[in-house]
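In what follows, a structure is listed as structure tokens, so that the remarks can point back to it.
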């Protein structure tokens, strides 16, 4: 519980703008997902507007009731165990693939025939300081996403099917036999029962059944030979275009008589063409389905095209081979160019980093000389200098100090770019105390620590540098005439972003006794009462040589926050700021959370 709070949902009165209450109001009224909390006995304590909308239960009807009594199937489905785990400090994530849903809420897409809303849920402990006082559950409606994913998976299945068909047909010695062998693989995903493949004979101008599937010998004899225009397959040959017929058992046209006798309910036929030359037809039918969905018709149309291409393969083989060779040469040349340009880019970056380090390092000697000579002039020859000369030397002296500070910061930044990061569990409170002991300006009641500051995964020197730079900024950009005030606090963020690859490699090297908490992030807040940062500058101040604008010029190199941003990136973390001019700033650093050893 934060200081100044009377309950887990109380407000922390340390800033003019109470973000804690604002966040709770957002969670309660406009959060785009369900949020409910319970106490340690699983009695519902909060039930937000999203849940009211989708469950039909008002908050008054739910709050104060046992969650397991309100939804008894939680026990039957053994979901009560996840809440007990949360009370023991564990976080559980329920996926749609394994659990479908947590609470039986109304589906937003009844047209898909779903009885319940598809959900993902996160059941987590509700901590107050070092105690777990209950549970917090976040429910997300993923019905539409899952339906779209299902459509996408089906399309991907069709694409894979088409790819396999094309590959086999292009290699087939006898494409017609291969098409017959492929039909069982097409039948299940496309829900087909029958196929007919006719080849056209210019000699007698008839279609002869060359291959089929799903037909009895008697049925096969019924459709063995067709004249052009006879039956649906003959119509496809005459029209030289696709033909789709549905509800065949309700169609009494003479053209569908034979198919109706076979018991077919729907049919899709396609011509096999090479240019204007008719090679034959291929058709598909279903005994169960009255319709042919457009996506199925599209797949079958492509299969017909592939079969036509396969039949013409011998005439086109040389052209295809030449095209593949040209494409292969182009891909090889392109890959070589990309490799060469990537190598040049890496070399340029390395040279630039080395140049910046060398320049910053080599400049320090003449800068120190300039500083020393100006000090000699001001100390030993002040009386010999006219007043205007003294002012010039004083300006040179101040400029040399600024240039020295700039080169020092550039060296820090260059070393940071080169430094290898080794991550270990760190006690944030201990780091802050070390900084305070070395910074007299923070020992005068300026800094307030609100425990717990927590434990994170990071590198000690880098995190100490980040905290020191932000503390220095808070002191430097204080309101003129006002006493600086800095507050440091921490919070657990279960919805934190994943760590980077570099950080993950270091985390794997940690001892098994102190593993990072999977998926959890710890955010360190540093709040001040300074001049604040304008909205236009908030996205820029973490760049190199960017400075916080103020009412009066303030000494600085513009590299301190760039060092913070790069150091946090090196540790797999993130940083940011929330601020308004005249209302102080709230800087934050976020890293992987590490439980106490």
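The values are calculated or read from the model by the stated rules, or taken from the named source; none is laboratory data. Predicted model only: the values in this text are computed from it and were never measured. All Cβ positions, glycine included, derive from the backbone under ideal geometry; neighbour counts span all protein chains shown.
Hey, any hits in segment 588-597 for a residue that's touching a strand residue (DSSP E or B) at 6+ places or on another chain (Cβ under 9 Å) and at pLDDT below 75?
yes
Starting from residues that are modelled with pLDDT under 90 and surrounded by 14 or more Cβ atoms within 10 Å (Cβ to Cβ), keep the ones in segment 69-99 and report whichever is nearest to the chain's Cα centre (by Cα).
The residue in question is 96.
Among the numbered conditions (1) surrounded by 15 or more Cβ atoms within 10 Å (Cβ to Cβ); (2) within 29 Å of residue 293 (Cα to Cα), tell me where residue 103 comes up short.
The single condition residue 103 does not satisfy is (2).
Rundown of residues vs (1) within 27 Å of the chain's Cα centre (by Cα); (2) modelled with pLDDT under 85; (3) more than 19 Å from residue 583 (Cα to Cα), yes/no style:
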site	(1), (2), (3)
470	no, no, no
477	no, no, no
537	yes, yes, no
543	yes, yes, yes
555	no, yes, yes
565	yes, no, yes
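Hey, can you tell me all the residues within segment 236-247 that are without any contact (Cβ under 8 Å) to a residue 24 or more places away in the chain and either in a helix (DSSP H, G or I) or over 53 Å from the mean Cα position of the chain (by Cα) (or both)?
238
Among the residues of segment 440-448, are any out of contact with any strand residue (DSSP E or B) (no Cβ under 6 Å at 6 or more places or on another chain), at pLDDT below 85 and on the phi > 0 side of the Ramachandran plot?
Yes; the residues of segment 440-448 include at least one that is out of contact with any strand residue (DSSP E or B) (no Cβ under 6 Å at 6 or more places or on another chain), at pLDDT below 85 and on the phi > 0 side of the Ramachandran plot.
Please specify each residue of segment 116-140 satisfying the condition of being touching a helix residue (DSSP H, G or I) at 6+ places or on another chain (Cβ under 7 Å) and in a strand (DSSP E or B).
119, 120, 123, 124, 125, 132, 135
Exactly one of these conditions fails for residue 247: (1) at pLDDT 90 or above; (2) over 23 Å from residue 277 (Cβ atoms); (3) surrounded by 15 or more Cβ atoms within 10 Å (Cβ to Cβ). Give me its number.
Single failed check for residue 247: (3).
Identify the single condition in (1) farther than 21 Å from residue 55 by Cα; (2) under 22 Å from the mean Cα position of the chain (by Cα); (3) surrounded by fewer than 15 Cβ atoms within 10 Å (Cβ to Cβ) that residue 145 does not satisfy, given that it satisfies every other one.
(1)
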